Amino acid sequence: MTEASTAADWHPARRPRIVAFAYAATPGAGSEGGAGWAWAEMLAQIADVWVLTRPFSVRRDEIRDRLATLPPAERPNVILLDLPRWAGGGREVASPRLLRARYLLWQIFALREARRLHRRHRFDVAWHLT
């Protein structure tokens, strides 16, 4: 930018690409799930976003319905990523210790998936939402 130009004059050659991690992301939910979804939607207004989140069977319809209401250019790409069965994927856990362990394990699997996606999409930013 020159001294006479402003930030509004600057236009990148393409929208930034962001990979985002949200252990919970649910449209219309409260707490962590709602915050994760709100961040994903806000970022999708200014960038191409891939959000990695856990699949909750009751939430898939809510996510699909919400994505259908958004303009195509402002839809985050939602990647539902669960743990493998051997690690307790698909089951809810009541124990706080097990929950923390599964959360840490999910982050490892999410990082692996983000690296795989990065080879294809070349992200500019990685962002931990929740």
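Any read-out appearing in this document is the output of simple, stated calculations on the displayed coordinates, not a laboratory observation. These numbers were taken from a predicted model, which means no experiment stands behind them. Cβ placement follows ideal geometry from the backbone for every residue including glycine, while neighbour counts extend to all protein chains displayed.
Ranked by how many other Cβ atoms sit within 10 Å of their own Cβ, fewest first, the residues V78, V125 fall in the order V125, V78.
By the beta-carbon count within 10 Å of each Cβ, the least crowded to most crowded order of E62, E41, fewest first, is E62, E41. Across the options I79, W39, A29, the greatest Cα extent toward the positive end of the charge dipole of the stretch 14-128 (unit charges at beta carbon of Lys, Arg, Asp, Glu) belongs to I79. The relative contact order of the chain, computed from alpha carbon pairs under 8 Å that lie at least 6 residues apart in sequence, is 33 percent. Computed from the Cβ-Cβ distance with R0 of 25 Å, the FRET efficiency linking W127 to L105 stands at 0.75. Look at the Cα gyration tensor of the stretch 14-128: its axes a ≥ b ≥ c give a/c of at least 1.5 with a/b at or below b/c, and that counts as oblate.
Remark: spin-label model distance S31-R14 equals 3.9 nm, labels positioned 7 Å along the Cα→Cβ axis.
Placing a label point 7 Å from the Cα of L98 along the Cα-to-Cβ direction, the residues of the stretch 57-92 whose backbone N falls under 17 Å from that point are 83-92.
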